[in-house]
Amino acid sequence: MRLAVLSGKGGTGKTTVAVNLALSWAPYRITTYVDYDVEEPNGFIFLRPQIQSSSTVFLPYPKINGACTLCGKCSEACQYHALAVVGGQVLVFPELCHGCGTCGIVCPVDAVDEVKRSLGQIDVGERDGVQCLQGVLKEGESLAGPVIRELRHLEKKHISQVEEVIVADCPPGSSCSVIHSAEDSDLALLVTEPTLFGLHDLKIAVRLMREMGLDFGVIQNKDDGGTLIREYCTQEGITLLGSIPFDLEIARIYSRGQSLMNEPKWADLFKTLGERIVTEVNLRKTRGERA
């Protein structure tokens, strides 16, 4: 069972939900937590896993050798403007390069060599029975895609049994990074908050899920008893899987970088929410088989 935890905007409590759900399942199920929010990964702050291994993610970029005739075909073909013929030389801008290799393909004299640069790293660890993976984009880099792809590849290698639970903590928003980290999930959990901004961005996330054809449900965080999110879910026929109350105790625990599962009151809440989610996934699978 693969679950993608998403939010239309940052700050809704997406990582809080993902981390505590993973910890709630760990005593009963093989559970893996994967932090795909590679630009700002913070799941490990709360999980505090024992790091077992780290690996570097590299991206190739062109290096022009002495065979170059300054024909300019490489710069003309590069849609990312990572090369430019200026003043009798070819300038290469590695930070703009996406590693597609087009420049080497179009070069008529084999003047393009490939060298690698570090984009970020992937860490693997374990805590209380939860296998933990995270991607970390190098400071100053803007290309999250290659790190997410490598992390997704590593996630698939770690899946050992059919009944394993994968909790994918996805980036906020609706970018390509969100799509790559959420695709092929059994259920997407859209975490929102009862504000107008929260509702606005929830609608964007809902539209994305429908475009992707993913089953999804909503989890309302910071529930103040209002009807804003509930009314929207009712109007759209969206399942409201559960709510987390607006409570200063949660904020205090969060500010200390601790898991809510350490407190019985909140542990019971996430265990109940976890059971509700498993039931929902099984129910939708059954409906799909019947259809």
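The values are calculated or read from the model by the stated rules, or taken from the named source; none is laboratory data. All of these numbers come straight from a predicted model, not from anything done at the bench. Virtual Cβ from ideal backbone geometry, glycine too; neighbours counted across all protein chains shown.
A few remarks follow.
- Only listed residue being among the aliphatic types (A, V, I, L, M), closer than 19 Å to PHE58 by Cα, part of a strand (DSSP E or B) and outside the structural domain of LYS14 (by TED's automatic domain parsing), chosen from VAL136, VAL115: VAL115
- Residues located in the range 87-112, provided they are without any contact (Cβ under 8 Å) to a residue 40 or more places away in the chain, among the β-branched types (Val, Ile, Thr) and farther than 19 Å from GLY145 by Cβ: VAL90, VAL92, ILE105, VAL106
- From THR12, THR56, THR102, residue being modelled with pLDDT of 95 or more and touching a strand residue (DSSP E or B) at 6+ places or on another chain (Cβ under 6 Å): THR56
- Condition met for ALA84 (small (Gly, Ala, Ser) and either out of contact with any strand residue (DSSP E or B) (no Cβ under 8 Å at 6 or more places or on another chain) or without any contact (Cβ under 8 Å) to a residue 12 or more places away in the chain (or both)): yes
- In the set ILE253, ILE277, only one residue is part of a helix (DSSP H, G or I), farther than 21 Å from ALA188 by Cα and assigned by TED's automatic domain parsing to the domain that holds PRO194; that residue is ILE253.
- Selection within the range 10-55: residues that are in a loop (DSSP other than H, G, I, E, B) and farther than 19 Å from LEU190 by Cα. The member of this set that is nearest to the chain's Cα centre (by Cα) is GLU39.
- Qualifying residue in the range 70-85 (condition: β-branched (Val, Ile, Thr), surrounded by fewer than 15 Cβ atoms within 10 Å (Cβ to Cβ) and either closer than 30 Å to LEU133 by Cβ or out of contact with any Asp or Glu (no Cβ under 8 Å at 6 or more places or on another chain) (or both)): no
- Out of SER177, SER255, SER259, SER181, one residue alone is within 21 Å of the chain's Cα centre (by Cα) and either closer than 16 Å to LEU21 by Cα or without any contact (Cβ under 8 Å) to a residue 12 or more places away in the chain (or both). It is SER259.
- Members of the range 141-192 that are of a type in the set (Asp, Glu) and either touching a Leu at 6+ places or on another chain (Cβ under 8 Å) or modelled with pLDDT under 90 (or both): GLU141, GLU155, GLU163, GLU164, GLU183, ASP186
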